[in-house]
Amino acid sequence: METFSAAVMLFLIMDPLGNLPIFMSVLRHVEPKRRRKVLIRELVLALVIMSLFLYTGESLLSFLNLRAESVSIAGGIILFLIAIKMIFPSEGGVMGHDGGQEPFIVPLAIPLIAGPSVLAALLLLSHTDPTRMTDWSIALFAAWAASSAILLFSGVCHRILGERGLIAIERLMGMILVMLSVQMFLDGVAKYLA
């Protein structure tokens, strides 16, 4: 997989446009002056968590005695379920959320940015070609930076695209993620059968 392809895949899995309404809803209860600081903190925490999974993925798989095929199949299934929720949303959005106090790690950093599918994809990248960790790091940072830019300018994106535009983009990303999830699943099954 090329670095650009990996970055696009990670960006699609992070789904910043689909998560915009959830982020805005969760941060609605936070003072306007603190919103940007809270969002930046959550984005940085998500990057740290994703980097840990990227760099410790191989040793984590061996410690848990897991094969890459099982991670690929599990990641494909989780990604498929998330994609279906993006295409056919329920009340509360893709992940569901509670209003109230200021968020810390959950639900913004995990699972909205660094969700199970992103972590599974990072484990797979580090396992399939551990010699290209620099490429995978660049792909992760590029996907994270693009997602961060969209989330930091959520008000502007919401005004430009409107509610219907955001819904349309979320459903389109859901369709693309269904295809990615099926491919991850089939790759895992093919490797297991081989």
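The values are calculated or read from the model by the stated rules, or taken from the named source; none is laboratory data. Because the structure is predicted, anything quoted here is derived from the model rather than measured. FYI the Cβ positions are ideal-geometry reconstructions off the backbone, even for glycines, and counts take in every protein chain you see. In case anyone asks, the SASA skips ligands and DNA or RNA and just uses the protein heavy atoms, side chains included. Shrake-Rupley method; radii C 1.70, N 1.55, O 1.52, S 1.80 Å.
Summary table
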{"quantity": "Condition check for residue 67: over 18 Å from residue 140 (Cβ atoms), in contact with a helix residue (DSSP H, G or I) (Cβ under 8 Å, 6 or more places away or on another chain) and open to solvent by 10 Å² or more (accessible area, probe 1.4 Å)", "calculated": "yes"}
{"quantity": "Residue within the stretch 47-60 that is under 14 Å from the mean Cα position of the chain (by Cα) and without any contact (Cβ under 8 Å) to a residue 60 or more places away in the chain present", "calculated": "yes"}
{"quantity": "Test: residue in the stretch 14-25 that is under 28 Å from residue 130 (Cα atoms) and hydrophobic (A, V, I, L, M, F, W, C)", "calculated": "yes"}
{"quantity": "Residue list for the stretch 112-137, filter: open to solvent by 30 Å² or more (accessible area, probe 1.4 Å) and closer than 25 Å to residue 170 by Cα", "calculated": "116"}
{"quantity": "Residues that are surrounded by fewer than 23 Cβ atoms within 10 Å (Cβ to Cβ), at pLDDT 85 or above, in a helix (DSSP H, G or I) and not hydrophobic (A, V, I, L, M, F, W, C), drawn from the stretch 1-25", "calculated": "3, 5"}
{"quantity": "Any hit, the stretch 155-168, residues being within 16 Å of residue 118 (Cα to Cα) and open to solvent by less than 100 Å² (accessible area, probe 1.4 Å)", "calculated": "no"}
{"quantity": "Residue within the stretch 171-181 that is in contact with a helix residue (DSSP H, G or I) (Cβ under 6 Å, 6 or more places away or on another chain) and open to solvent by 50 Å² or more (accessible area, probe 1.4 Å) present", "calculated": "yes"}
{"quantity": "Among the candidates 114, 121, 109, 145, residue that is free of Cβ contacts under 8 Å to residues at least 60 places away in the same chain and out of contact with any Cys (no Cβ under 8 Å at 6 or more places or on another chain)", "calculated": "145"}
{"quantity": "Selection within the stretch 26-52 - closer than 19 Å to residue 114 by Cβ and modelled with pLDDT under 90", "calculated": "26, 27"}
{"quantity": "Close pairs from the stretch 78-98: first modelled with pLDDT under 75 and in a loop (DSSP other than H, G, I, E, B), partner of a type in the set (Lys, Arg) and surrounded by 14 or more Cβ atoms within 10 Å (Cβ to Cβ), Cβ under 6 Å, at least 6 apart", "calculated": "94/85"}
{"quantity": "Evaluation of residue 79 against (1) under 20 Å from residue 188 (Cβ atoms); (2) open to solvent by 70 Å² or more (accessible area, probe 1.4 Å); (3) in contact with a Leu (Cβ under 8 Å, 6 or more places away or on another chain); (4) not polar (S, T, N, Q) (one fails), failing number", "calculated": "(2)"}
{"quantity": "Long-range neighbours under 8 Å by Cβ, at least six apart or interchain, first residue farther than 13 Å from residue 21 by Cα within the stretch 158-175, second of a type in the set (Val, Ile, Thr) and open to solvent by less than 70 Å² (accessible area, probe 1.4 Å)", "calculated": "171/87; 174/84; 174/87; 175/87"}
{"quantity": "Filter result (of a type in the set (S, T, N, Q) and under 18 Å from the mean Cα position of the chain (by Cα)) within the stretch 112-160", "calculated": "117, 126, 137, 147, 148, 154"}
{"quantity": "Within the stretch 116-194, helices (runs of 4 or more DSSP H) holding 3 or more residues that are closer than 15 Å to residue 15 by Cβ, among the hydrophobic types (A, V, I, L, M, F, W, C) and modelled with pLDDT under 85", "calculated": "154-193"}
